[in-house]
Amino acid sequence: MAMTRRDFIKASAAASAALLVGINPGKAKTAQAATTQDVDKWVRGVCRFCGVGCRVELGLKDGRPVALRGVSGSKTNLGFLCMKGMLFHRIMYHPDRLKKPLYRERKDQPFKEISWEEALDIAAAKFAQAVKEHGPESVAYYGSGQCLTEETYIFQKVMRAGLRSNNVEGNPRLCMASAVGGYLTSFGADEPIGAYEDIEKAYCFFIIGSNMAEAHPVIFRRLMRRKLDKPQEVKVINADPRVSPTSRIADMHLQFTPGTDLALLNSMAYVIIEEKLYDEEFIKNYCKFKKPGKPVTDVGFEDYKAYLADYTPERTASLCGGNITAENIRQAARMFATSRGTMSFWCMGINQRIRGVWANNLIHNLHMLTGQLCKPGADSFSLTGQPNACGGVREGGGLCHILPGHRPVKIDKLRHQVEDLWGVPRGRIPKKPGYHTVAMFSAVNEGKIKAIWINCTSPAQSLPNCDKYRKGMAREDVFMVVTEIFPTKTTELANLVLPTAFHFEKTGVYGCTERRSQLTVKTVDAPGEAKPEVWIVREWALKLAEKLNDPVIKKCVEPFVGLDEDFDLPKAIWDEYTQKITAGRDNDLRGATYEVLMQMADGVQWPAPTKEHALKGGTYKKFVRGIDPLADKHAKDDKPYVFYGPAHKDAKLYFWLRPYKGAAEEPDSEYPFFLSTGRIIDHWHTTSMTGRIPELMRANPYAYVEINPKDAARLGIKPGDMVEVTTRRGKCVLPAKIYVGPMEGMVFVYWHDMHEDRMINRVTKDAFDPGSKEPEFKICACRISRVSGPKQLRPFIVQM
Amino acid sequence: MMKKLVMWFFMFILGAVLLAACTTPGTKEVAVKQKEMVPEQKAAQKVAMLSHPALSEQEKYIPCSECHARTTPEVYKEWADSLHGMTNVKCFQCHGTFETFQASPDELKCMACHPKETEHKPEGKHCVDCHLEHRFTAHK
Amino acid sequence: MPVAGFVVNARREDLKAVVDKLQEIKGAEVHGTDDKGHIVLVLEGDSGEEMEKVAAGITRMDGVISLHLAYFHAEDEVEKIERGEIKPRFSFGRQHEKSCVL
């Protein structure tokens, strides 16, 4: 090889240096690191992670994803992304991606690769066999708030009308079922009335049971911006047993003992009434007071007032403990009531509770009491954790008790409506709701469910007290299909693992927290043989129809036969869902066709009954005449607001007289600490995705147990020490983080870690809200003890 | 050491004879152009991780900010009090991790959240040329 | 594009770690080592100034005892300075400090 001039100079340089110390020079390999990549095309879509619904652009280089960026002026994120979002393209071609269908007859055998033909045949045969031998109740579908709306819709259609089973559930049961219950019972209609747009118009933020700085960073940024723009006028109240990064922008942090927030909320209402800060006009025009019981009784304002008499700020402050004083409660109530626009934000801290629905009702009570609803900058706004929990599962019929279009399954009229629209015989969909999540996996444990399809979620890690339910999933007589992109704790227990296309590898709609539907169109090919779920369901249903010799099953997917799975198939499903099913419902999406969504970069907010309205972006605020076309349609007088929600025939908002009730499991002498779980900014849910991004894994390699410094000093625990967290259900061993975060007497653990020692859902409690059936992940009792000094730990991700 | 190198450098300025010119690399047209870093930035990038005290595999799992709050408190404070600090935009998001460290982040990183700003900045300038590092509040 | 040859004196027990680290530097080539802890290093950079900083960084690496310059070839840099294309910078502010402090 010819030596270049530079090589010659280098050789001379090496020789001169070598001569000094008498070494024979010989070149070693030089490491070269690429620092940046060029992008030749940007394509639009929506972020894959949380429920905020950030609009993103995926950067492609030679057809491969290499970068991600926000778009200035986007309605949801204003162009900003969080670290998870900006790195998500890195997992698209990750080597761990599942690329071929995998099967094993027994769960103790290794998987072997099979063809799609065989895989769908097996899936259909097993489900058909279960239905034949044990009836429709022996099969189940467990989906996810990360599935596209089209996917959830077609799955539940085949399950309900095809297999005649209402065993259609999904992980949103674990995250927002209580919010649904709250909205329906208080306002008569699910999902927030307002939108993110209200943030820039609000003057008071009441954040309770949410660490939005970490769980919804991009929305938090909007709040922070608002606070910094008007630091004196805008007030932020953060109520949480743990001081979190969210508290940084707060004027006031109310730190209460876990579980006492119901009393706190009632006490704020007490102060608002006592100091006459309520909006008499709003209450008179739009509200009713309801006393729960059988039957529910109508009461008046005076009864409500009398009912709150127990919650004087003084009594409540002593009950709440922490840093709360009676004066704090009064101040918070005044800020809430007197601001020109108050927005409440809450998430899992309120929802994942044995009385999650009540807690939701009590927040809504405050908004009704003060008239902080429907006007600019005022809303009772529940945050959502998954990108399509609202759009797909809440609206698309992804839970056991609801049909698509916000229809309770047990109401004959609405059920028959759906059966007629689908063209299946009346009575095809059972009247009785199926198993809710905890009941479903209990039924798996008991062997009542013989075949279960788990789609795009990992219940083996995300269910509370998960060891108990993993036993059921591991049963040899339970056939388990898992559709996934990566190996997870759940694929470990599957018989059949089907590789699916990921975001941007398939087409479909995500509906985010603020009723906004956004379309992401297929841009890149899925690796290997991975397929979109809509194709999988269609093919599976056709085989089922054959095996069960049932033409109605075929009827469910007949309109979609032969369509191209990358675009035409999801489009046809979306058309059926929006044009037929949402017509005339409160989430009317008829205007939001694919054609419109392709034009509307920021998507459309429902109600959007017409194309004209959808092309204006849809409805920013529900129930307000002049903004919401359905409010105009349903108006019977000239009042500005019309609460036409499907659950309240009288078009009123209901105050619920809900008492304070503590957690299902409170600390005692044996288990003296509160254990609470939550999220960290760098990871998302079970880390099956974020754990495969090296930057994020470096940033947060494993779960810690956060301990208050006072408790740590008392127990002789030092930073990094290994600590055993024991509950009545089992124990975990995690490194300690000593931190003025959780209050004294409480420890906090992140739930993302997949490692058996640190998987905190092995010890959380599976008690659930009797109304919403959402488990109480947020509170149980534990004891902690130091087991050793710091240990070498390694991050862990399940491999196939 | 430094003196010695400088001395050598000036000796060569006096005595060097240039034999040939380097070939200039052709410019490629792409949608995103990474601005050529000035030599100083490049050097900083190389030096920064080298002069970092050696870390064990375990220590590399500690967030940068945990040590830097103590070792470079002024830099930490710049970040912690900034909008980035408040919204949890962490060190690694701009600077990368130990494997991908960049003292001066390339613009693709800025672009993730500030697409418009990276397009409208003056030609040939890098964001940090004008904006205060870590704070980004004002122009220098 | 100057080129320089150096002898790096490393602690014997750290020799391998130092070589690994040196190889991570862009434009650095290791041309040999011996069991006394000597490393023959060739650096190539865009400017003398830049190389100076890289060298300064190397002296602060764990396990490095000293660094000696044995050969320096300034190449076209001198010409560029003469033509006014490069202006040697002498900075004493934070800008300069930053690259050394980190």
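Quick notes on this structure:
- Anisotropy class of segment A:673-788 from Cα gyration tensor, a/c 1.5 cut: oblate
- Order of A:Y702, A:Y654, A:Y142 under a 10 Å beta carbon neighbour criterion, fewest first: A:Y702, A:Y654, A:Y142
- Near A:F289: Cβ cut-off under 11 Å, other residues only, Lys/Arg at +1 and Asp/Glu at -1. The net charge is +2.
- Debye intensity ratio in log₁₀ form over the Cα atoms of segment A:41-91, taken at each q of 0.13, 0.26, 0.27 Å⁻¹: -0.25, -0.95, -1.02
- Cα-based shape type of chain A, given that a ≥ b ≥ c are square roots of the gyration tensor eigenvalues and the cut on a/c is 1.5: rounded
- Added length on full extension, which subtracts the Cα-Cα distance from 0.36 nm per residue, A:K99 to A:E314: 71.3 nm
- Residue order, fewest to most beta carbons within 10 Å, for A:W606, A:W42, A:W751: A:W42, A:W751, A:W606
- Charge sum, other residues only, whose C-beta stays under 14 Å from A:Y644's C-beta, Lys/Arg counted +1 and Asp/Glu -1: +1
- Per residue of the protein assembly as shown, the DSSP helices (runs of n ≥ 4 H) give a summed -39500 (n - 2.57) that works out to -9000 deg cm²/dmol at 222 nm.
- Per-residue mean of foreign Cβ neighbours for C:60-71 is 5 (Cβ atoms of other chains, 10 Å radius).
- Qualifying trypsin sites (Lys or Arg not before Pro) in segment A:199-265, where qualification requires a DSSP coil assignment and no more than 14 other C-beta atoms within 10 Å, are lacking entirely.
- Only lysines eight or more places from C:K80 in sequence, or on another chain, were considered; those with a Cα closer than 27 Å are A:K10, B:K3, B:K4, B:K28, B:K33, B:K35, B:K42, B:K46, B:K125, C:K26, C:K53, C:K98.
- Between A:R340 and A:I411, the contour length at 0.36 nm per residue exceeds the alpha carbon distance by 21.5 nm.
- Stokes-Einstein translational diffusion, segment A:148-237 - Kirkwood Rh over all Cα pairs, 0.890 mPa s, 25 °C, in µm²/s: 151 µm²/s
- The H on the amide N of A:V46, modeled in the peptide plane, is under 5 Å from the matching H of A:V56, each at least 5 residues off or on a different chain.
- Kirkwood Rh in Å, taken over segment A:442-501 so that all alpha-carbon pairs contribute: 11.3 Å
- Out-of-range pairs (alpha-carbon distance over 18 Å; input A:K41/B:K116; A:K580/A:K773; A:K132/A:K410; A:K107/A:K450; A:K571/A:K622; A:K99/A:K531): A:K580/A:K773; A:K132/A:K410; A:K571/A:K622
- Between A:Q579 and A:R64, the C-beta separation translates, for a Förster distance of 25 Å, into a calculated FRET efficiency of about 0.10.
- For segment A:177-383, the square roots a ≥ b ≥ c of the C-alpha gyration tensor eigenvalues yield an a/c under 1.5, which makes the shape rounded.
- Likely footprinting exposure, A:H367, A:H253, fewest C-beta neighbours within 10 Å first: A:H253, A:H367
- Cα centroids of segment A:84-112 and segment A:250-316: 50 Å apart.
Quick note: the coordinates plus some simple rules give every number you see, no bench work behind them. Keep in mind it's a predicted model, so treat the numbers as computed, not measured. All Cβ positions, glycine included, derive from the backbone under ideal geometry; neighbour counts span all protein chains shown.
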